[in-house]
Amino acid sequence: MKAKSLKLRWLPGTVLVALLSACGGGGGSSSSSASGSSSDATVSYQVSLANLTNQQPMSPVVAIIHKAGYTAFDVGEAASVALERLAEGGETSTLVQAAEADPNVLQVKTISGGVAPGTPKTFSFTAARSDRAELQVTLVTMLTNTNDGFTGIESQNLNNLAVGQSTEVTTLAFDAGTEANSETSATVPGLGGTGFSAVRDDATVVVTQHGGVVSADDNLGSSGLSEAHRFDNPVLQITVTRTE
Amino acid sequence: MKSTISKAALAVLGCSWVVSAQAVDFDVKVTNLTHGMYLSPVLVATHPAASSVYSLGSAASNNMKAMAEGGDSSGLQTELIGAGSDTPQILNGTVNNKIPPGGDAEQLGLSSSPGNDRITVVTKLMPTNDGFAALNAIILPTEPGRYVYKMDAFDAGSEANDELMVVGGNTVGVQGIEPDPDITTTGTGGTGASGSDNNATIHTHRGVLGDSNSTGGSSDLDNTIHRWLNPVARVIITVN
């Protein structure tokens, strides 16, 4: 019997929060259990989301727990209509349906109410221990005071987290490439404007990083946004803690 | 397992002689993350530690000015070869060799010579007056794996950021931004977004201003298209 592995693998931005933790402590409530109630059969994670912008409330969040092979978005690729609906209007249902139909997806969570600046949100999920080595999480949410801005993480590996360990990731703002960044009140859902529109009229028609908003205070007279809506990277902090 | 541990430990201790002794076979992929900037053909070279092509906070060399103002890497290539680099590589994008927003360029099967343990990646942001993105003589990883780096935008400090379209603007010493048939989102008739840089050394780019008037205003760039937030590009080095 030799020691399993002494090599600690660090993800970029990973912070080891706690190495020592009582096994199976009374952490989050793990409700999902298929066959038996043995805690050995499952692994559980708690996810905390902190909106780092000044005034970009984030839409309801879709979190997809999956294995390799599922992709919600990729820089340089055209957005799916499901992603477009989320990025332009904060709509989650199409993306949820598409993910649930994917054979590589294990479960999909919707965090309703979104994530407001200054008000962190927490959710948790449980997966079969037999899937642990392949576990990835993808998470997306709209920056609601933009035309088609969103943020999230794509296929983040969770397989190296021990019980009690956390990993912390900060995210970049993306542009879905599906709607021109006009910033008008009529097209920004956070200002009461239209959310999803099937028209694709962006200058760049693939997913890229977002260039930020200009705002009326910076001489874009037609913008319904003010300087308070401006943002810079990173826009969201995601902390994943393995609780079981 | 034992050798893995000791190598990792040595890397932590900074024993660079351990890694510099070996040749490295690797692939490089550069992705343009911006929404409205193109990247000029990307210069990639592995070289000795002592031969970085620029320093933050120092004035740009003529070769760096040619790169940042004109997207011309020939001077830097000569400079690097003279410093003992491996043959510099040029990664061309899909739009007349430029990498469009969201696009990428990849070079497989590169190899560094023993001793060339640093890698430099440089590209010009187009259209800007003298904006570039770079990895400046970073340590080339040696352990097989996939390494992801983010490139921020820098300003060469050598040309005023007037954001005006001028034929010949992509020439060192010629003020302005070269009109480019591949980049159709630019305007004309601006009066000049900015005067000379206050910081005449290489510094973090403050971003472009742009305006909402395609035939006038202060800038020939569009403020809803050409602005960016860092990072502007992603580099993936895969060590084989």
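Remarks
- Residue in region A:99-121 that is crowded, with 16+ Cβ neighbours inside 10 Å, touching a Pro at 6+ places or on another chain (Cβ under 9 Å), without any contact (Cβ under 8 Å) to a residue 60 or more places away in the chain and not polar (S, T, N, Q) present: yes
- So A:Ser222, is it closer than 26 Å to B:Ser218 by Cβ, surrounded by fewer than 17 Cβ atoms within 10 Å (Cβ to Cβ) and within 12 Å of chain B (Cβ to nearest Cβ): yes
- A:Gly113 being within 14 Å of chain B (Cβ to nearest Cβ) and either on the phi > 0 side of the Ramachandran plot or assigned to a strand (DSSP E or B) (or both): no
- Look at (1) in a loop (DSSP other than H, G, I, E, B); (2) more than 10 Å from chain A (Cβ to nearest Cβ) and you find that B:Val235 fails only one, number (1).
- Taking region B:95-141 as the range and being of a type in the set (S, T, N, Q) and within 16 Å of B:Val235 (Cα to Cα) as the test, the residues that pass are B:Gln107, B:Thr120, B:Thr123, B:Asn136.
- Residue that is farthest from B:Asp152 (Cα to Cα), among those in region B:170-190 that are hydroxyl-bearing (Ser, Thr, Tyr) and exposed (fewer than 13 other Cβ atoms within 10 Å of the Cβ): B:Thr188
Here's the yes/no breakdown for (1) modelled with pLDDT under 95; (2) surrounded by 20 or more Cβ atoms within 10 Å (Cβ to Cβ); (3) within 14 Å of chain A (Cβ to nearest Cβ); (4) assigned to a loop (DSSP other than H, G, I, E, B):
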| position | (1), (2), (3), (4) |
| --- | --- |
| B:Lys98 | no, yes, yes, no |
| B:Glu106 | no, no, yes, no |
| B:Ala137 | no, yes, no, no |
| B:Pro141 | no, no, yes, yes |
| B:Tyr147 | no, no, yes, no |
| B:Ala160 | no, no, no, yes |
| B:Gly168 | yes, no, no, yes |
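- Where B:Val239 falls short, out of the listed (1) touching a Phe, Trp or Tyr at 6+ places or on another chain (Cβ under 7 Å); (2) buried (at least 22 other Cβ atoms within 10 Å of the Cβ): (2)
- Every listed requirement among (1) part of a helix (DSSP H, G or I); (2) farther than 13 Å from A:Asn145 by Cβ; (3) touching a residue at least 60 places away in the same chain (Cβ under 8 Å) is met by A:Asp217 save one, (3).
- Residues of region A:227-244 that turn out to be in a loop (DSSP other than H, G, I, E, B), more than 10 Å from every other protein chain (Cβ to nearest Cβ) and either within 14 Å of A:Asn147 (Cβ to Cβ) or without any contact (Cβ under 8 Å) to a residue 24 or more places away in the chain (or both), as a count: 0
- Tally, over region B:125-171, of residues that are of a type in the set (Val, Ile, Thr) and either at positive phi or over 17 Å from the mean Cα position of the chain (by Cα) (or both): 4
- Answer from A:Thr204, A:Thr184, A:Thr208, A:Thr170 - the residue that is within 14 Å of chain B (Cβ to nearest Cβ), surrounded by fewer than 19 Cβ atoms within 10 Å (Cβ to Cβ) and touching a Gly at 6+ places or on another chain (Cβ under 6 Å): A:Thr184
- For B:Asp197, the requirement of being more than 12 Å from every other protein chain (Cβ to nearest Cβ), modelled with pLDDT under 95 and part of a loop (DSSP other than H, G, I, E, B) is met.
The values are calculated or read from the model by the stated rules, or taken from the named source; none is laboratory data. What you are looking at is a predicted structure, and each value in this text was computed from that prediction instead of being measured. Please note: Cβ atoms are built from the backbone with ideal geometry, for glycine as well, and neighbour counts cover all protein chains shown.
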